Structures are given as C-alpha cells and as structure tokens.
1. Given the structure, is A113 small (G, A, S), open to solvent by 40 Å² or more (accessible area, probe 1.4 Å) and in contact with a strand residue (DSSP E or B) (Cβ under 8 Å, 6 or more places away or on another chain)?
2. Look at the range 268-281 and say how many of its residues are farther than 21 Å from Y308 by Cβ and either free of Cβ contacts under 8 Å to residues at least 24 places away in the same chain or open to solvent by 20 Å² or more (accessible area, probe 1.4 Å) (or both).
3. Give the range 126-145 a look and list any residue that's open to solvent by 10 Å² or more (accessible area, probe 1.4 Å) and among the small types (G, A, S), or say none.
4. Taking the range 35-88 as the region of interest, how many residues are closer than 21 Å to R7 by Cβ, part of a loop (DSSP other than H, G, I, E, B), open to solvent by 10 Å² or more (accessible area, probe 1.4 Å) and of a type outside the set (A, V, I, L, M, F, W, C)?
5. Among the residues of the range 201-223, what is the count of those that are surrounded by fewer than 24 Cβ atoms within 10 Å (Cβ to Cβ) and among the hydrophobic types (A, V, I, L, M, F, W, C)?
6. When you look at G194, is it at pLDDT 95 or above and within 12 Å of V259 (Cβ to Cβ), yes or no?
7. Just checking, which of V183, V151, V188, V145 is modelled with pLDDT of 95 or more, within 28 Å of E223 (Cβ to Cβ) and touching a helix residue (DSSP H, G or I) at 6+ places or on another chain (Cβ under 8 Å)?
Amino acid sequence: MRAVVLRHPERAVAVEDVELDPPKAHEVLVSVAAAGVCHSDVRLADGELGNGRWPMVLGHEGAGIVEAVGDGVDHVAPGDHVALSFVPACRSCRACLSGRPNLCEPAGKNGFAGTLMDGTSRLHSNGTTLQHALMTACFAEQTVVAAAGAVKIPAELPLWQAALLGCGVVTGIGAVRNAGRVVRGESVCVIGCGGVGLQVIAGARLAVAAPIVAVDRSPEKLELARSFGATHTVDSAVEDPVTAVRDLTDGGAEHAFEVVGSAETVRLAWDAIRSGGQVVVVGLVPRGVDVSVPGIEFLSDKTLRGTYYGSGDAAHDLPDLAALAVAGELDLAGVVTHTTDLDGVEAAFDRLRRGEGARTVVIVDPELSGGGAP
C-alpha cells in the first residue's frame, strides 16, 4: 500500500510503498478514507518529540471503514464506519482504573515507542520495520490499529469530516468540558485559532460561555473563530493581547486555553486570567522548552494545568461528538481550509509551519470519504 513515511527529520516526508501485516488478536484493519493534518504530525516530522521516532508512517487523526478484525474483537465488524483514537485504553492499568483512560499507561508507552499494544509493528519496507505514529499511522491507504482505537460512529457522517474527531475535536472540546469544566456564563479566552483552537471555541460555545475571546495573529483565523462562536477577537500582531483580553472580560478571563504550545503564549494566557482563574495548556509544547510564571501570583488562586487528549474517554466521547455533528450542533467542515491527497502532506506541513490555514484533510480514498469536501 501507499503511505507517508518519515525517514529522518532533516528530510521531507514522502509517499512510499510499504507492507502491512494483517491484524492480530484484538486488532482491526481499517481502510482509511481521510486523515487530518495536525501540528503534532509536524512536531514528529521535525524531530521535536524525541529522538529515534523514525522511520515512521505518520498520521494520527483519521477515519475509515473496517475491513477485517482479529480474534476477540466484537465491538466493530467489517463495513462499520470508525473514527481512529490514538489512546486505545486498556481498561486495566492504574490510570484506567482511576477513571483517566486518556492517560492509559500501556497506550502511552507503546504510542511513544511507535508500536501497537503488544509492543510490535505491522509495518515494513524492504525488510525494515516502520513505526506506527501514535499507534494510528493513518497517512496510508490502510492501517492496523488496536481494537479500542477503532471507535464506531454513525454512517451518516461523511468520513472526511469524521477524520477530525479523533484528535482535534476530542482534544479541543474535551479541554473545555473535562479539563476546564466551563459552565454557562463564564468568560473564556482562546489563544491560537488553528484546527484545535477552533474546536476549543466550539466547546466554549456549546458550554454557553460568555464572552468568548479569540486571540491570534492571523485575521483569517480570527474570522473563522467568529464563525465557530467567538464573541470577540484580538489580533495580537497589532494590539497588546493581555490588555485587550482584560478589557473585554472585566479584568481578566475566568478560563484561558493556550492552543499554540510555546512558553510565550502560556505566559500570555496566565497574564490574561483574573484572580481565581484557570489556564489550560492544550498546545503541544516541544521537549526541552520550560514555561515560567511568577510564583508570587499563586497567591491569587490562579491555576495552571495541562490536558491530554481532552482529559476524557475517547471510546464514549467520539460517538457523542459524531452525533452532535450529525445533528448539526457541531460544525466539522468549517475548520477545513485545505484538502489534499497523500502526496500533498509535506506541503500541508509547510503551511502549518508558516501558520497558514486551519485544518488540512488528506482525502486518501475519495469514494469512501463521502461527498461535500471542499
């Protein structure tokens, strides 16, 4: 099959012919319809998430149709539409048993190692073993995933839209629901209005937050932010964002969501909240980058916390989010600013590096993806 392979961070990714083994017990073979291009893919491709994470088939946000299942799989069957989850919770480790399946220990360990849950790979090229990006590897015509990583969704939802559920949507909306626990009438600031940031804004809208202030350097992204529910926008390239957010939220936001992944924007979020407010860091901060805030300000009862994968349970959250999209309460298509095929992934990475656009969707199989893609 054809797949996008990272050979080394100093080389552009490229489409190669690779071999895919059939699924083993508790695994699922999926024909990939479409995949979203996330900034985390760029972080992997640029070597910012650790050494040795190559050669690797990239892609961790996707959807498709089940082709075959291994022994012991009964929650999906061939022909089912599925969104892919890169945290296939084991349900038996310490984190899972404590109600935090997003922090599943075996999933985290194997995801970092580039293997499936048994510690091995199904991907090969000319005798060389390839890693699975976050156990998903969906920049490919087909993929084998852990059974819990294939989550059944309604067939009414076009798969090119469903492709966004498994990372950007569950991460952004989950950050609001599960990490921030935003309630009606609370003020929200969202810093960074790319693919995930727009979903944070959507989550704040669903929570009936007010006001919802979007901060970015791109007028194009700020316009998208308004369409997703932002009540106010701040162009940080032309005005001081901290002052603007404080003015718009009567002295500081109750919640600030950082969706960039830099020390500077985490500090910006901290400075933009009021006493008793909370910063939720959604953006992926590269390894080796430290974040600093004034320690004396902890006396103001401010909170700085992280979140991973929406701080929820993807097995339950993905079908719920898909149902919201089918009901018209969640706009998945609106975040898509570009579409491409597998050969266009490197160009999509370059757009993200330049901060252009929101989400690119890779249409892997036009027939399976469904109609209406821009």
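The values are calculated or read from the model by the stated rules, or taken from the named source; none is laboratory data. This is a predicted model, so every value here is computed, not measured. Here Cβ is always computed from backbone atoms with ideal geometry, including for glycine, and neighbour counts include all displayed protein chains. The area values use the complete protein model at the heavy-atom level, side chains included, leaving out ligands, DNA and RNA. Shrake-Rupley method; radii C 1.70, N 1.55, O 1.52, S 1.80 Å.
1. Considered against the rule, which asks whether it is small (G, A, S), open to solvent by 40 Å² or more (accessible area, probe 1.4 Å) and in contact with a strand residue (DSSP E or B) (Cβ under 8 Å, 6 or more places away or on another chain), A113 comes out as yes.
2. Going through the range 268-281 one residue at a time, the tally reaches 5.
3. Of everything in the range 126-145, just one residue is open to solvent by 10 Å² or more (accessible area, probe 1.4 Å) and among the small types (G, A, S), namely G127.
4. Summing the residues that are closer than 21 Å to R7 by Cβ, part of a loop (DSSP other than H, G, I, E, B), open to solvent by 10 Å² or more (accessible area, probe 1.4 Å) and of a type outside the set (A, V, I, L, M, F, W, C) in the range 35-88 gives 8.
5. Of the residues in the range 201-223, 5 are surrounded by fewer than 24 Cβ atoms within 10 Å (Cβ to Cβ) and among the hydrophobic types (A, V, I, L, M, F, W, C).
6. Against the criterion (at pLDDT 95 or above and within 12 Å of V259 (Cβ to Cβ)), G194 does not qualify.
7. Only one candidate qualifies: V188.
For every residue, the table says whether it meets (1) surrounded by 24 or more Cβ atoms within 10 Å (Cβ to Cβ); (2) closer than 30 Å to G72 by Cβ.
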position: V151; (1), (2): yes, yes
position: E156; (1), (2): no, yes
position: A162; (1), (2): yes, yes
position: L165; (1), (2): yes, yes
position: G168; (1), (2): yes, no
position: T171; (1), (2): yes, yes
position: V183; (1), (2): no, no
position: E186; (1), (2): no, no
position: I191; (1), (2): yes, no
